[in-house]
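A short write-up of the structure that comes next.
The values are calculated or read from the model by the stated rules, or taken from the named source; none is laboratory data. Remember, predicted model here, so these are calculated numbers, not experimental data. Cβ coordinates were reconstructed from backbone atoms using ideal geometry, including for glycine residues, and neighbour counts include every protein chain displayed. All accessible areas refer to the heavy atoms of the entire protein, side chains included, with ligands and DNA or RNA removed. Shrake-Rupley method; radii C 1.70, N 1.55, O 1.52, S 1.80 Å.
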Amino acid sequence: MREIYDLRSAIEVLRDNEGQLVETSVEADPNAEISGIYRYVGAGGTVMRPTREDGPAMLFNNVKGFPDCRVITGVLASRKRVGLLLDTDYKRLGWHLRDAVKNVIPPIIKESAPVCQENVYLASDPDFDLRKLVLAPTNTPEDAGPYITMGLCSATDPEDRNITDVTIHRLCIQSRDEMTMWITPGSRHIGAMWDKALKMNKPLPISVSIGLDPAIYMCAGFEPPTTPYGFNELQIAGALRGKPVELARCVSIDETCIAHAEYVIEGELIPGLTMREDINSNTGKAMPEFPGYTGEAKGDDLPNYLPVIKVKAVATRNNPIMESCIGPSHEHVSMAGIPTEASVIDLVERAMPGRLVNVHAAPCGGGKFVTVIQFRKNNINDEGRQRQAALLAFSAFSEMKHVFLVDEDVDIFDMSDVMWAMTTRFQGDVDFIPIPGVHTHVLDPSNDPKYAPSIAVHGIACKSIFDCTVPYNMKNEFERCKFLEVDPKKWLPDFC
């Protein structure tokens, strides 16, 4: 396979593999049309049906209003494609990322001129305008504005220059030199850095790198406790590629960016500068989020107004490619879910080695809410340990809501098979374990006092364990039908 070190080399790998990339030169409008098209091609995830779960990525070579730019979407919207791009078995991706966390390679700063700065535009230029320089699509006609959905934000702790972090945030272009940035309350490291900067009344420099090596995007979804504050996830991407991620020094701020990015936006979060998210559209909507619902625009009252990045510069490659993501698509499942699997694997393996078979952060939960754990009971003393594994999973990833426990004979990547296990190996009065009153995620609309009076504050949920494993002393009574093992290619040579 070709070496992958940026988005363009990844695209060439997709071109080399049949069925992984489609292209069009028919003009497409970035205002909702691109996402509307890709919904049918391969969005998957929690996107409203009809959609395809395992379709190809799509490259738009003719985008209205941006003659020298292209858009690609869906690069990570297939688990099999992620496995291809990371050169590993797609069913073992969680284990692959877990191993990378344990063998990190720190990034390095590239001192020679990086390709991401082939073109540099300064906000001080009279004709500077983000809306014309950055090809940011909208997901739907209701969106608050053009969103950067695959922007890797980089920042440094204002009190300790040795602490850096990267995170993907919701960024909406609002004016010629302003973007709003939603920081999920209390759960993002850049949010902690911003809190420190606010107390110091200092701007926080932020770079936003877009269009990257898929390994970089796959590492950005890790969260504590696997990657605690001070752990820069770019180290994981280095391990995945076996060499350091190359960074570049920004041209207008004291921060770094990804040297091989297609676009880099440089700016500062400014204390006291806030904005309503739908200030231009007045729709009351933000953009489609991973649970499958359109998020409400932030900023209904003063305390919740969004911080604003005051942009100082934009740098691009020649003929840049905007990488974009449909919010509820399988792309989010990959970026959020596979690091979650790695975190669960690591914690459970350390607590009870040899019993965990595999983990899948299922698409129905957007990669965050639903996890399927495949557990092996080696002897009668392992009965009950499967439920301990579920509790550890909740500890490994705080935003998880539901855990399904299944045996070795269940295909955890086939939710029909998981539901079969629930149908034939689950009794609600003994195998359902509710854990009420735990903070989960604010984007789940059912986590609200209006939905259930027992919920005190929005974002609180009843976490649940569904134990669909067979009791150890009954395993011989739950054997699946034993078919003859054959190779169908003997009769169907083209069978795949």
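Kindly evaluate ALA461 against the criterion of being outside any strand (DSSP E or B) and either farther than 27 Å from ASP382 by Cβ or in contact with a strand residue (DSSP E or B) (Cβ under 6 Å, 6 or more places away or on another chain) (or both). No: the conditions fail for ALA461. Restricting segment 436-474 to residues that are of a type in the set (Ser, Thr, Tyr) and crowded, with 18+ Cβ neighbours inside 10 Å, the residue that is modelled with the highest pLDDT is THR469. From the list GLY272, GLY230, the one residue that fits, being without any contact (Cβ under 8 Å) to a residue 40 or more places away in the chain, more than 16 Å from ILE109 (Cα to Cα) and of a type in the set (Gly, Ala, Ser), is GLY272.
Quick check on GLY354: is it touching an Asp or Glu at 6+ places or on another chain (Cβ under 7 Å) and either surrounded by fewer than 24 Cβ atoms within 10 Å (Cβ to Cβ) or assigned to a loop (DSSP other than H, G, I, E, B) (or both)? When the stated conditions are applied, GLY354 does not pass them. One residue stands out in segment 296-323 among those that are in a strand (DSSP E or B) and open to solvent by 10 Å² or more (accessible area, probe 1.4 Å): the one that is modelled with the lowest pLDDT, namely GLU296.
Residues that are over 25 Å from PRO328 (Cα atoms), in a loop (DSSP other than H, G, I, E, B), open to solvent by less than 30 Å² (accessible area, probe 1.4 Å) and not small (Gly, Ala, Ser) do occur in segment 399-408, at least one of them. The single condition among (1) in contact with a Leu (Cβ under 7 Å, 6 or more places away or on another chain); (2) crowded, with 23+ Cβ neighbours inside 10 Å; (3) of a type in the set (Gly, Ala, Ser) that SER395 does not satisfy is (2).
Among the residues of segment 118-135, the ones that are assigned to a helix (DSSP H, G or I) and open to solvent by 90 Å² or more (accessible area, probe 1.4 Å) come to 2 in all. Has segment 458-465 got any residue that is in contact (Cβ under 8 Å) with a residue 60 or more places away in the chain and touching a helix residue (DSSP H, G or I) at 6+ places or on another chain (Cβ under 7 Å)? The answer is yes; a qualifying residue exists. Beta carbons closer than 7 Å, at least 6 apart along the sequence or on distinct chains, never pair a first residue in segment 17-40 that is modelled with pLDDT under 95 with a second that is part of a strand (DSSP E or B) and surrounded by fewer than 17 Cβ atoms within 10 Å (Cβ to Cβ).
Residues are listed down the side, and each one gets a yes or a no for (1) basic (Lys, Arg); (2) closer than 24 Å to ALA237 by Cα; (3) open to solvent by less than 20 Å² (accessible area, probe 1.4 Å):
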| residue | (1), (2), (3) |
| --- | --- |
| GLY151 | no, yes, yes |
| ARG161 | yes, yes, no |
| HIS189 | no, yes, no |
| PRO205 | no, yes, no |
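Checked against the criterion of being more than 23 Å from the chain's Cα centre (by Cα) and touching a residue at least 60 places away in the same chain (Cβ under 8 Å), segment 69-77 contains one or more residues that satisfy it. Among the residues of segment 41-53, is any over 21 Å from TYR217 (Cα atoms) and of a type in the set (Val, Ile, Thr)? Scanning segment 41-53, I find at least one residue that is over 21 Å from TYR217 (Cα atoms) and of a type in the set (Val, Ile, Thr), so the answer is yes. Condition first: surrounded by 15 or more Cβ atoms within 10 Å (Cβ to Cβ), of a type outside the set (Asp, Glu), out of contact with any Cys (no Cβ under 6 Å at 6 or more places or on another chain) and within 27 Å of ARG387 (Cα to Cα). Can you find one or more residues in segment 478-487 that meet it? No: zero hits. Before we move on, is TYR147 open to solvent by 30 Å² or more (accessible area, probe 1.4 Å), closer than 17 Å to CYS69 by Cβ and at pLDDT 95 or above? So TYR147 does not fit the description; no. Of the strands (runs of 3 or more DSSP E) lying entirely inside segment 219-287, those containing at least 2 residues that are farther than 23 Å from PRO307 by Cα and open to solvent by 20 Å² or more (accessible area, probe 1.4 Å) span 246-249.
Residues that are at pLDDT 95 or above, part of a helix (DSSP H, G or I) and under 19 Å from the mean Cα position of the chain (by Cα) within segment 191-218 comprise PRO214, ALA215, ILE216, TYR217, MET218, listed in sequence order. Only residues that are within 18 Å of the chain's Cα centre (by Cα) and not hydroxyl-bearing (Ser, Thr, Tyr): list them for segment 78-91, please. Matches in segment 78-91: ARG79, LYS80, ARG81, VAL82, GLY83, LEU84, LEU85, LEU86, LYS91.
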